[in-house]
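Contents: one structure, followed by commentary.
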Amino acid sequence: MSEHHPVIVIGAGLSGLYAAWRLHRQQVDVLVLEARPRIGGRILCEKPEGHESAIDLGPAWIWPAFQQRMQALVNELGLPLFRQYTKGDLLYETETGDIHRHGGPSSHDQSFRIVGGKAALMEVLRSQLPESSVKTGITVRSIRRDDLQVEADGVDGPVLYSTDRVILALPPRLLLNNIELNPGPDETLQKVWSSTPTWMAGHEKRVFIYEEPFWRSQGLSGEVFSRTCPLSEIYDGSPEDENFYALTAFVGLSAMQRQQLGQDALHEACMMQLQRLFGAASIDVKQTMVSDWSREPFTTTGLDLDSMVHHPQYPATMPRHLWNERLLLAGTEVAREQGGYLEGALEAADEATAFILS
């Protein structure tokens with residue numbers, strides 16, 4: 001016998017959890033199923049050893065000036081923001097390894113972060129939902145249209161749910177690869193899904209933890225743009241309370257390139273680049289935190305491994321409704337506005353929930 005809920009959301013990332021939060025506020029019985037043992041999806045925060053302040057290992061920034069949904073949400077939830085540290089000069093490293101120093105305003109002057117990291121946002125959303133409405137460790141395997149049955153694998157074995165509508169808050173490639181839809185999308189839509197890159201799937205983020213912000217004493221903001229590898233962008237990632245200091249960096253190699261290089265060689269190359277940029281003080285790293293999203297099976301498919309790490313372009317015209325509008329797509333990859341940003345995740349969830357509530 002299956003457990004019935006009027007709405008089932010698959011995926012407890014920002015889009016899925018926010019959709020459930022919106023529906024619950026309108027007294028809709030909603031169940032969220034998440035394959036990971038945690039909520040958050042690509043939002044992930046961890047604390048360096050011996051510290052209480054968390055570091056964003058997934059997305060970190062909010063831009064209130066042009067992300068009105070995100071700004072309204074953090075305001076409503078009472079989450080404090082702090083401005084990205086940009087005081088001082090930035091560095092630019094050319095393809096030949098020449099390093100140039102530039103003053104003037106930073107492109108991240110309008111960037112903000114949430115105190116406590118983006119996980120604080122997810123925790124508040126989760127706290128305002130009934131305890132039983134979010135189930136982690138539930139891997140959905142198939143969805144049948146005729147009786148709208150959701151078949152999944154749980155911690156204790158197979159589980160079955162029935163519903164009236166499903167919100168799929170997943171990247172299209174992951175949906176196509178991991179969940180059997182019966183009937184499945186037509187050939188045209190399959191091609192659209194398979195050609196839609198998964199945001200962050202090819203990325204690796206590295207955070208270097210320090211006791212002192214030596215770059216600041218050099219008159220530097222910590223911001224670096226580099227045309228040489230392995231690190232393509234670096235920023236001051238220190239938490240608001242400056243309980244420790246950090247440089248947050250994005251690796252400018254694809255997942256395939258990183259695999260071929262190997263983790264030891266990659267770490268050594270990163271440290272050599274930091275020393276080129278900032279001098280000997282950069283060697284004294286207390287801890288290196290790494291999030292390689294290409295190794296996350298609930299984020300990445302084989303199609304994402306050779307993709308480059310620049311921000312993808314997402315089609316604003318992707319169909320969002322299937323099966324006579326009983327299957328609704330959400331998630332930042334299907335956003336009509338700001339696809340690939342958390343703002344896009346909210347926009348897609350807003351449309352799905354508005355459709356149900358109407």
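The values are calculated or read from the model by the stated rules, or taken from the named source; none is laboratory data. Nothing here was measured: the structure is a model prediction, and the numbers come from that model. Quick reminder, even Gly has a Cβ in these numbers, built from the backbone with ideal geometry, and neighbours come from all protein chains shown. For accessibility, only protein heavy atoms count, side chains too; no ligands or nucleic acids. Shrake-Rupley method; radii C 1.70, N 1.55, O 1.52, S 1.80 Å.
A compact table of results
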| item | result |
| --- | --- |
| Cα centre as origin, Lys/Arg/Asp/Glu Cβ charges: segment 100-223 dipole, Debye | 420 debye |
| Cα gyration tensor category, rounded, prolate or oblate, for segment 224-331 with a/c compared to 1.5 | prolate |
| Mean ellipticity per residue at 222 nm, deg cm²/dmol - from DSSP H runs of n ≥ 4 across the chain, formula -39500 (n - 2.57) | -7500 deg cm²/dmol |
| √(5λ) per eigenvalue of the Cα gyration tensor, segment 138-240, largest first, Å | 44, 19, 10 |
| Listed residues VAL251, CYS229, PRO185: farthest to the positive end of the dipole of segment 175-294 (Cβ charges) | CYS229 |
| Selection from TRP63, HIS321, ALA152 lying farthest towards where the dipole of the chain points positive, charges on Cβ | HIS321 |
| Charge dipole magnitude, Cβ of K and R +1, D and E -1 - the chain, Cα centre, debye nearest 20 | 360 debye |
| Solvent-accessible area per residue, Å², over segment 1-54 with all protein chains present [probe radius 1.4 Å] | 42 Å² |
| Rounded Å value of the spacing that divides the Cα centres of segment 182-222 and segment 133-175 | 26 Å |
| Shape category assigned to segment 1-125 from the gyration tensor of Cα positions, a/c cut at 1.5 | prolate |
| Solvent-accessible area per residue, Å², over segment 217-286 with all protein chains present [probe radius 1.4 Å] | 42 Å² |
| Solvent exposure of segment 148-192 as accessible area per residue, Å², 1.4 Å probe | 48 Å² |
| Per-peptide average of other Cβ atoms within 10 Å, ordering 139-149, 109-119 highest first | 109-119, 139-149 |
| Nearest 10 degrees, 0 to 90: helix 68-77 Cα axis against the chain principal axis | 80 degrees |
| Intensity falloff of segment 130-172 expressed as log10 I(q)/I(0), Debye formula with alpha-carbon point scatterers, at q = 0.32 Å⁻¹ | -1.25 |
| Fraction of accessible area attributable to carbon and sulfur, the chain (%, probe 1.4 Å) | 48 percent |
| Candidates per GluC sites (Glu not before Pro) in segment 172-271, loop by DSSP, up to 14 other Cβ within 10 Å | GLU211, GLU242 |
| Sorted peptide list for 3-14, 156-167, criterion being average Cβ within 10 angstrom, highest first | 3-14, 156-167 |
| Degrees, to the nearest 10: 342-357 long Cα axis against longest axis of the chain | 10 degrees |
| By average C-beta atoms within 10 angstrom, highest first, the peptides 129-136, 27-34 | 27-34, 129-136 |
| D_trans [Stokes-Einstein, Kirkwood Rh over alpha-carbon pairs] for the chain, 20 °C, 1.002 mPa s, µm² s⁻¹ | 100 µm²/s |
| Helix axis angle, 14-25 relative to the chain longest principal axis, alpha carbon, degrees | 50 degrees |
| Cα gyration tensor, segment 16-70 - rounded (a/c under 1.5), prolate or oblate | oblate |
